[in-house]
Amino acid sequence: MAEEITNQVNNAPGRGSNVLRANSWSNGHDSGEDSELLNEPETESPRMRQSSPRPSHRFYTSTTMAEEKMRRRLRFFFMNPIEKWQAKRRMPYKFLTQVIKIVLVTVQLCLFAHNNYMHVNYSWDNRISFSHLFLKGWDATQEVAAYPPATGPLALYKQDEFYSTIDYALEGYYNLSNAIGPYSYTAEDNSVGLVVLCLFEYKEGTIFGFNESYVFDSEIITTCYNITRASFGGFSSRAFLKDKKVPITFSSLVRAHLKFSIKTINFKAAGPITPPDCYQFDVTIDFDNRDHDGQMLLSLDAEAIRLECRGDTKYITDDRIESALRTILNVFVILICTISLILCSRAIYRAQLLKFETINFFEKTYGKTLSVEGKLEFLNMWYIMIIINDLLIILGSAIKEQIEKKHYGGDQYNLCSVFLGTGNLLVWFGVLRYLGFFKTYNVVILTLKKAAPKVARFLLCALLIYAGFTFCGWLILGPYHMKFRSLATTSECLFALINGDDMFATFSIMSFKSTMLWWYARLYLYSFISLYIYVVLSLFISVIMDAYDTIKLYYRDGFPKSDLQAFVAVCTDPASSGAYMQETDEGNITQIIDRFFCCRNRPYTNLDNSSTGNSSKSEQVCGTAICI
């Protein structure tokens, strides 16, 4: 009888490839454990055989079939889209969605980048024009961003210059018709708009320098005055403030703002189907006296606000066509990103269900817990990145649609560009996932993944040293070196030095006011440059190269496998073999119903229907689960 049972088990399908020894899987059973499991002692009586709790050949066959089924499910789960197509002829929806998304998102980005550039460039050019029209002493050299700057900041040094600057700005505002730009006032009848002068002063701030005494109250009082006039002729800001009994004490004056608004229309944006844009510029001239160092800084800012154009133009019909096309593109982008978001979220959810099922399988079948590395195999970080870029693009597309419909009164171009630009960046990063299916292109990804922990630890140590140099340079060299005036500029200067940028200028700009600090600056810069260029960067490159060499050895000798990968590797059925066509995945609805109705998955050791006689009669079978 024992020999007959042994022959039946040895001839069972799938036999001989599912033995677990020392947490590894092999293709045979050479030890005596299997023979003890299969062969019964000769001395046992028939009654002892009938009551023996040892598993029968049907139990072992069921376990083997469950192992093969689980291996195929896991093998199919870790396949790439091409292999899944070969295995089950399933359409790679996520792959096709990502291809369509990258095309639509890139087209949308290119169109918005063109409009954003025109908007920002138009706003900047008008700001330069306003500076020439309303700022006394403004020079063309102020327009060029040079480092070190060719000229000093635009500033006032006399009280008469303060009043004359206000008068100069008002004269330019009242003579807009003399400007080359098509500027108008904000009123419907094109009358002079509201002009407001706001003074920010300390509540008390009187200085008596001759006897080193003062009266001071740090509370800042804000007072605004309407200085609008029907015409500018004979107007003097000094006389106006004197009549209003507003004496300005410059020792207590913190800053002053002169505000007015201007409307204009941009014809440059007008193209075959693009209408002109209407803008309102809120101009603010800032008199900054916060330092109270005898230098009052002068600057101008103009906030652009898009308006709804009115009037009979030939672009009305074409504008509707262009607006409809842009809306259709935005809707398609939002739709495809929503589909991508749903598919990736669904894939992550199903992966977690499979992870819990695999953990239960390992515990019930082998009595061991799945390793942390094996559990992390079910968390696809590519899907997480795709979900993030989908959310960013959906938000950016919604803001873009509102901008194009002119539903926003303020300037939302920057916020929209951040969302769309970052989302598009992550979309193109996602292409690396599909290139990673090929060994030749996967080297970069694997090298970065392998080097990431060591690089993080290395950067932590390097950042601590960098922070020390940054704080030291800011404290000691800041008052005497323009590149170390603030903590941010100090960090930027040091980072530029690491990359070999502008080294000689950094040495030569140092002030000669203190000989000791001049020599200290030399020692400081030589130490930092030598340490980071010759030591830190070399070690950083060596960490990356060490990871690259390790990946090359893995390609030659084989990659190390986790317990999950070793379990799946036993299944050698190719994707096109047809073996995966027989595997059916349970629907999510069935799993949710089983969970909510107190059902647990049927144990993998109880798959054979013929062994139900040994199970408890109080258990009710429902589908693929047993209700307790």
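Per residue, how many Å² of accessible area does the stretch 332-422 show with a 1.4 Å probe?
Per residue, the stretch 332-422 has 47 Å² of solvent-accessible surface.
What's the magnitude of the charge dipole for the stretch 97-187 around its Cα centre, counting Lys and Arg as +1 and Asp and Glu as -1 at the beta-carbon? Answer in Debye, nearest 20.
Magnitude of the dipole: close to 460 debye.
Taking the Cα centre of the stretch 454-531 as origin, work out the dipole magnitude from +1 charges on Lys and Arg Cβ and -1 charges on Asp and Glu Cβ, in debye rounded to 20.
It comes to approximately 160 debye.
Output wanted: per-residue J couplings in Hz (rounded whole) for the stretch 499-510, from phi through Karplus 6.51 cos²θ - 1.76 cosθ + 1.60, θ = phi - 60°, x for Gly and Pro.
Those phi angles translate into 8, x, 9, 6, 5, 5, 5, 5, 6, 7, 6, 4 Hz.
Quick one: what are the phi-derived ³J(HN,Hα) couplings along the stretch 462-477, Karplus 6.51/-1.76/1.60 with θ = phi - 60°, whole Hz, x for glycine and proline?
Rounded to whole hertz, the list is 5, 5, 5, 5, 4, 4, x, 5, 5, 5, 5, x, 5, 6, 8, 9.
Accessible area per residue of the stretch 486-533 at 1.4 Å probe, in Å²?
Value for the stretch 486-533: 57 Å² per residue.
Using Cα pairs closer than 8 Å and at least 6 residues apart in sequence, work out the relative contact order for the stretch 351-481, in percent.
Reported as a whole number, the value is 18 percent.
Using +1 on the beta carbon of Lys and Arg, -1 on that of Asp and Glu, and nothing else charged, what's the dipole of the stretch 197-299 about the Cα centre, debye to 20?
Taking the Cα centre of the stretch 197-299 as origin, the dipole is about 620 debye.
At a 1.4 Å probe, what is the % contribution of carbon and sulfur to the accessible area of the stretch 285-384?
The C+S portion of the solvent-accessible surface of the stretch 285-384 is 58 percent.
Do any of 88/561; 375/439; 69/552 go past 32 Å between their Cα atoms, and which?
Distance filter (> 32 Å) returns 69/552.
If the cut-off is 17 Å between C-alpha atoms, which lysines fall inside it for residue 158, apart from same-chain ones fewer than 8 positions away?
The reachable lysines, counting only those whose Cα sits under 17 Å from residue 158, are 136.
Just to confirm, what accessible area per residue do you get for the stretch 78-137 at 1.4 Å probe, in whole Å²?
Using a 1.4 Å probe on heavy atoms only, each residue of the stretch 78-137 averages 54 Å².
Given 173, 210, 257, which one lies farthest toward the positive end of the charge dipole of the stretch 150-303, if we put +1 on the Cβ of every Lys and Arg and -1 on the Cβ of every Asp and Glu?
Positive-end residue among those listed: 173.
How large is ³J(HN,Hα) for each residue in the stretch 212-221, as worked out from phi by the Karplus curve 6.51 cos²θ - 1.76 cosθ + 1.60 (θ = phi - 60°), to whole Hz, x for Gly and Pro?
In residue order, the calculated couplings are 6, 10, 7, 10, 9, 9, 6, 5, 9, 9 Hz.
At a Cα cut-off below 19 Å, give the lysines reachable from residue 244, other chains included and same-chain residues fewer than 8 away excluded.
Filter leaves 203, 259.
For the stretch 61-138, which trypsin sites (Lys or Arg not before Pro) pass both filters: DSSP loop (anything but H, G, I, E, B) and at most 13 other C-beta atoms within 10 Å?
Counting only loop positions with at most 13 other Cβ atoms within 10 Å, the trypsin sites (Lys or Arg not before Pro) in the stretch 61-138 are 89, 90.
The values are calculated or read from the model by the stated rules, or taken from the named source; none is laboratory data. These figures come from a predicted structure and were not determined experimentally. All Cβ positions, even for glycine, are placed from backbone atoms using ideal geometry, and neighbour counts span all protein chains on display. Protein only, heavy atoms only, side chains kept; ligands, DNA and RNA dropped before computing areas. Shrake-Rupley method; radii C 1.70, N 1.55, O 1.52, S 1.80 Å.
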